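Asks: The structure follows.
The values are calculated or read from the model by the stated rules, or taken from the named source; none is laboratory data. Since this is a predicted model, take the numbers as computed values, not measurements. Cβ coordinates were reconstructed from backbone atoms using ideal geometry, including for glycine residues, and neighbour counts include every protein chain displayed.
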Amino acid sequence: MSQFSLYRKRFIPDDFVHLKDDIILSMDENLIITKWRPLRPKKNMAGGVSAYFIKQGIKVSKIYSNNNQLLYWYCDIIQIKPTTLPKSLVFEDLLIDVIVYADGRIEVLDLDELADALAHSLITNNEAERALRTLDYLLKLIYRGDFEVLKEPINHAEATYYSSII
């Protein structure tokens, strides 16, 4: 699977990054799971494992501290864009993020960035609508206690990965 490449496109700030160091742990038509380290070093974050739920438009990341303790679960609202690059996938970050802490607290981030992106025509009305509907779906899933559905593939891929390198 190392022949497959992932790219991230952000609107704010405007950037396009090849995630060349991400390790793809598993992949099918609706789910890609990667292990990664931050592109830029962070004080208390060592890295994480992410699941791209392609049809749902959600990327869920299990974020670890420098001492390998779970910090939180970080959810990005995303969309997949067609690419002419062979064996590659471009995902666009639709700005809205949700953090789920171990104690159950939930934080919704960057709604202001979505408003700014709309105001400056960086995203379309359809993309903003999709982002908000996906946020609604994600929050309802979390509030009814079903977030495990999104965490389980990450935990499973992690366990499989670590058992294969021992």
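Asks: Between a residue in the range 137-157 that is of a type in the set (Gly, Ala, Ser) and any residue that is surrounded by 13 or more Cβ atoms within 10 Å (Cβ to Cβ) and not in a helix (DSSP H, G or I), which pairs come within a Cβ distance under 8 Å, given they are 6 or more apart or on different chains?
Replies: Partner pairs satisfying both residue conditions: 157/25; 157/26; 157/33; 157/49; 157/51.
Asks: Just the residues that are surrounded by 17 or more Cβ atoms within 10 Å (Cβ to Cβ) and not charged (D, E, K, R), please, taken from the range 125-140.
Replies: The answer is 128, 131, 134, 135, 138.
Asks: Looking at 89, 95, which is the one that is modelled with pLDDT under 95 and surrounded by 15 or more Cβ atoms within 10 Å (Cβ to Cβ)? Lay out the reasoning, then the answer.
Replies: Details: 95 fails: modelled with pLDDT under 95.
Of 89, 95, the one residue that is modelled with pLDDT under 95 and surrounded by 15 or more Cβ atoms within 10 Å (Cβ to Cβ) is 89.
Asks: Among strands (runs of 3 or more DSSP E) lying entirely in the range 54-146, which contain 3 or more residues that are under 22 Å from residue 34 (Cβ atoms) and in contact with a strand residue (DSSP E or B) (Cβ under 8 Å, 6 or more places away or on another chain)? Give the steps one after another, and end with the answer.
Replies: Numbers: elements: 58-65, 70-81, 88-100, 106-109.
The qualifying strands (runs of 3 or more DSSP E) are 58-65, 70-81, 88-100.
Asks: Confirm whether residue 58 is among the aliphatic types (A, V, I, L, M), within 20 Å of residue 147 (Cβ to Cβ) and within 11 Å of the chain's Cα centre (by Cα). Working first, answer last.
Replies: Values: among the aliphatic types (A, V, I, L, M): yes; within 20 Å of residue 147 (Cβ to Cβ): yes; within 11 Å of the chain's Cα centre (by Cα): yes.
Yes.
Asks: Still on this structure: Determine which single condition residue 8 fails, assuming it passes every other condition in (1) within 27 Å of residue 121 (Cβ to Cβ); (2) surrounded by fewer than 11 Cβ atoms within 10 Å (Cβ to Cβ); (3) not small (Gly, Ala, Ser).
Replies: (2)
Asks: Just give me the residues in the range 62-79 being in contact (Cβ under 8 Å) with a residue 40 or more places away in the chain and under 21 Å from residue 127 (Cβ atoms), in sequence order.
Replies: To start, the set of residues in the range 62-79 that are in contact (Cβ under 8 Å) with a residue 40 or more places away in the chain comprises 62, 73, 75, 77, 79.
Result: 75, 77, 79.
Asks: Would you confirm whether any residue within the range 135-150 is touching a Phe, Trp or Tyr at 6+ places or on another chain (Cβ under 9 Å), under 21 Å from residue 63 (Cβ atoms) and among the charged types (D, E, K, R)?
Replies: no
Every residue, every condition in (1) hydroxyl-bearing (Ser, Thr, Tyr); (2) surrounded by 11 or more Cβ atoms within 10 Å (Cβ to Cβ); (3) under 19 Å from residue 160 (Cα atoms), yes or no:
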site	(1), (2), (3)
32	no, yes, yes
47	no, yes, yes
50	yes, yes, yes
61	yes, yes, yes
72	yes, yes, no
78	no, yes, no
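Condition check ((1) touching a Lys or Arg at 6+ places or on another chain (Cβ under 7 Å); (2) among the small types (Gly, Ala, Ser)) across all residues:
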{"position": "13", "(1), (2)": "no, no"}
{"position": "16", "(1), (2)": "yes, no"}
{"position": "26", "(1), (2)": "no, yes"}
{"position": "36", "(1), (2)": "no, no"}
{"position": "55", "(1), (2)": "no, no"}
{"position": "66", "(1), (2)": "no, no"}
{"position": "79", "(1), (2)": "yes, no"}
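For every residue, the table says whether it meets (1) under 23 Å from residue 113 (Cα atoms); (2) modelled with pLDDT of 95 or more; (3) of a type in the set (Gly, Ala, Ser).
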| residue | (1), (2), (3) |
| --- | --- |
| 34 | no, yes, no |
| 46 | no, no, yes |
| 49 | no, yes, no |
| 61 | yes, yes, yes |
| 66 | no, no, no |
| 75 | yes, yes, no |
| 78 | yes, yes, no |
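Asks: Quick test of your reading of the structure: residue 113 fulfils all but one of (1) buried (at least 19 other Cβ atoms within 10 Å of the Cβ); (2) within 15 Å of the chain's Cα centre (by Cα); (3) not aromatic (Phe, Trp, Tyr). Name the failing condition by number.
Replies: Failed condition: (2).
Asks: Which pairs do you get when a residue that is without any contact (Cβ under 8 Å) to a residue 12 or more places away in the chain, found in the range 23-45, comes within reach of a residue that is surrounded by 14 or more Cβ atoms within 10 Å (Cβ to Cβ), reach meaning Cβ atoms under 7 angstrom, with the pair 6+ apart or on two chains?
Replies: Pairs found: 38/45; 38/47.
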